[in-house]
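One structure below.
The values are calculated or read from the model by the stated rules, or taken from the named source; none is laboratory data. Here the structure is a predicted model, which means the values were calculated and not measured. Backbone-built Cβ (ideal geometry, glycine too); neighbour counts: all protein chains shown.
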Amino acid sequence: MLRPDTIALTALLALLVAFGPVATDMYVPSMPDIGRLLGASAAEVQLTLSSYLVGFAIGQIIYGPISDQYGRKPVLLTALVLFCAGSLACAAAPTIETLIAARTLQALGGSGAIVLARAIVRDLYAGDRAGSELSRMGAIMSIAPVGAPLIGGIVQTALGWRANFMIVVGVGFVATVIAWRSLPETLHRRRAEPISIVNMLRDYRTLVKNRALLAHLGIVSASYAGLFAWISGSPFVLQDLYGLSALGFAVAFAIACIGALIGAAIAAPLVIRIGLDRTIGLGTLALSVGGLAMVAVIALGSSSVPALVLSMALYHAGLGLAMPQAIAGALTPFPDRAGAASSLVGFVQQTSAALLGAVVGHALGQTAWPLVAAIAAMGCVSLALWAVSRCTRVEGQNHVPTLAGATPPPGVLDSRRP
């Protein structure tokens, strides 16, 4: 069994969190081709992204509370099997409507992986140490969005879009086997109340009353929505408007993603030195500057692909700095409800991204303005949220409640404790 504070466990959790980027970024270069071969419009093809996020959001609401009672590992294995089945259905989809439905099924499984990976981190770590672990996972996970579109572009050119989903099936199968054989159960204290809709709603009502969680959640949701605007709109902007091939787009997409790898790698040691709040602040500053740089490129009448890609790389770097720390900040006050808190964060994050992605997909035409305006707006909103909620968030990190009279579970590591 894998032990806490080892690179092997971090790598496995990073693989689980990477399911979202892999399942999406692998087929992004194929989106225009999917539209042509299945007789679908750009807006219909974009629904394969939005439906994935909707399924992801719905699944995350369910998995967290269930895992708080029945344990992380059995719920995770169930989710992984569902993910593999949905990926296989995507590969065999005969119509765009079937592909949209299969993507929803795929997301219902994949959502469990990311919710439970984050809950496992909160089971084992707290505070700045949790933020550092999530950043380490992010640095490893960032290899996926860099490599996945490149692989997807090559596979699309050689074998077509269905082969990309078959590769995702293989990744899911490997992760399932590793988790089954090597992942320990990390839930030390299971909830006493039985699972019911009423109890789940009560948990979520308790969570949303915490202002520190809401402040961190706003930063997570806004920053991620900007990323998803890029994911949903860039294939059509860079290929249809700027004339890149599927492989050329994959290269440009991967270069932009390198920013996330750099940001996450910097964040892992930085958060231990300067804390969650300042690291989030640096990240949101990069988010806003990257988004505004994209606006400047279009406003100056430039059609430079490198300028857009490098601006997005800066946005990605800000995401790598800010989002893992904001997630850690949202989960830290709830050691006894880590699964439910992770579910709530994921649900709001994915829902906001799905809504903005759908808006960008429908607004795209013969200009890149809908894409760059959405990204810039989300970067600026993230920075504004960080600035106005600082006192609330810092206070929330200094008061970490547990169940009445309880002590932190065994094995929890927190850099703030002597």
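Residues checked against (1) touching a Leu at 6+ places or on another chain (Cβ under 7 Å); (2) more than 22 Å from A18 (Cβ to Cβ):
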site: A254; (1), (2): yes, no
site: L276; (1), (2): no, yes
site: L282; (1), (2): yes, yes
site: V295; (1), (2): no, yes
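Taken together, S415, S382, S389 contain a single residue that is among the small types (G, A, S), under 27 Å from R273 (Cβ atoms) and modelled with pLDDT under 50, which is S415.
Selection over the range 201-249 of residues that are of a type in the set (A, V, I, L, M, F, W, C), under 23 Å from the mean Cα position of the chain (by Cα) and within 28 Å of D68 (Cα to Cα) gives a count of 11. In this structure, does S245 turn out to be surrounded by fewer than 22 Cβ atoms within 10 Å (Cβ to Cβ) and of a type in the set (S, T, N, Q)? So S245 passes the test. Selection of the range 209-249 for residues being among the polar types (S, T, N, Q) and within 17 Å of T351 (Cα to Cα) yields S221, S223, S232. From the residues in the range 154-177 that are surrounded by 17 or more Cβ atoms within 10 Å (Cβ to Cβ) and of a type in the set (V, I, T), which one is farthest from the chain's Cα centre (by Cα)? Among them, the one singled out is V155. Within the option set L150, L82, being at pLDDT below 85, more than 17 Å from the chain's Cα centre (by Cα), surrounded by fewer than 22 Cβ atoms within 10 Å (Cβ to Cβ) and not aromatic (F, W, Y) holds for one residue only, L150.
Conditions (1) crowded, with 19+ Cβ neighbours inside 10 Å; (2) more than 21 Å from L261 (Cα to Cα); (3) of a type in the set (F, W, Y), marked per residue:
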| residue | (1), (2), (3) |
| --- | --- |
| A296 | no, yes, no |
| G320 | yes, no, no |
| A341 | yes, yes, no |
| Q349 | yes, no, no |
| H362 | no, yes, no |
| P370 | no, yes, no |
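Scanning the range 85-99 for residues that are crowded, with 20+ Cβ neighbours inside 10 Å and either under 21 Å from the mean Cα position of the chain (by Cα) or not in a helix (DSSP H, G or I) (or both) yields a count of 4.
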